[in-house]
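Visitor: Shown below is the structure under consideration.
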Amino acid sequence: MIKESIVQALNGQVNAEYYSAYLYLSMSSYAGQAGYPGIANWLFLQAKEELDHGTRIYRYILERGAAPLLTDVKAPAVNFTGMKDIFERILAHEKHVTALIDKIATLVLEEKDHAAYSFILWFVNEQVEEENSAQAILAKVRLVETHPGLLYRLDDELGARKP
Ligand code: MG
């Protein structure tokens, strides 16, 4: 039987993943309105990925015979000041999510729940990717910061992301 403290931590992470989806959707809307459909596409697909993350944890809680508890999802920020602001916030947010995941990994190790540890490792690895791609895009946004025309190149590049 899965320990209650672990169920609580996983439930908290379901909420955090759905909040991430909300945040990316809000950013996608902003990018679309600012005239960057490619960046909006990348952010939209990212939002969908976050929904998948939340659902993956939701299903795991069920699989372990416990009850997922769905709680209020906080409203995301809506006031952004540009693409640099967006990707700076994404990098900071993903670092925050990594810390949340690490906390769960530490908890399940302490509780000697090896099945839950095996499950959470997927997220540990996923966060390396998430931080890495946010970092890489932010580096490009900073490069083209003083050449707004080049931002369109980046928009094309991010527009090529497929589901
Ligand atoms: Mg996620």
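Visitor: Determine the pairs where a residue that is within 12 Å of the ligand (Cβ to nearest atom) and open to solvent by less than 20 Å² (accessible area, probe 1.4 Å), located within segment 14-28, has a partner that is β-branched (Val, Ile, Thr) and modelled with pLDDT of 95 or more with Cβ atoms under 6 Å apart, the partner being 6 or more residues away or on another chain.
Guide: Val14/Ile57
Visitor: Here's a follow-up. Of everything in segment 116-140, what is over 18 Å from Ala105 (Cα atoms) and more than 19 Å from the chain's Cα centre (by Cα)? Give them in sequence order.
Guide: Lys140
Visitor: I've got another one for you. Filtering segment 64-99 down to residues that are within 26 Å of Gln33 (Cβ to Cβ) and of a type in the set (S, T, N, Q), which residue is farthest from the chain's Cα centre (by Cα)?
Guide: Thr81
Visitor: Of the residues that sit in segment 116-163 and are of a type in the set (Phe, Trp, Tyr) and at pLDDT 95 or above, which one is nearest to His93 (Cα to Cα)?
Guide: Phe123
Visitor: Restricting attention to segment 37-60, which residues are of a type outside the set (Gly, Ala, Ser) and open to solvent by less than 30 Å² (accessible area, probe 1.4 Å)?
Guide: If the condition is that a residue be of a type outside the set (Gly, Ala, Ser) and open to solvent by less than 30 Å² (accessible area, probe 1.4 Å), then Ile39, Trp42, Leu43, Leu45, Gln46, Glu50, His53, Ile57, Tyr60 are the ones that fit.
The values are calculated or read from the model by the stated rules, or taken from the named source; none is laboratory data. Just so it is clear, the structure is predicted and the values come from calculations on it, not from any experiment. Don't worry about glycine lacking a Cβ; one is built from the backbone with ideal geometry, like all the others, and counts go over all protein chains shown. What goes into the accessible areas is simple: the full protein's heavy atoms, side chains included, and nothing from ligands, DNA or RNA. Shrake-Rupley method; radii C 1.70, N 1.55, O 1.52, S 1.80 Å.
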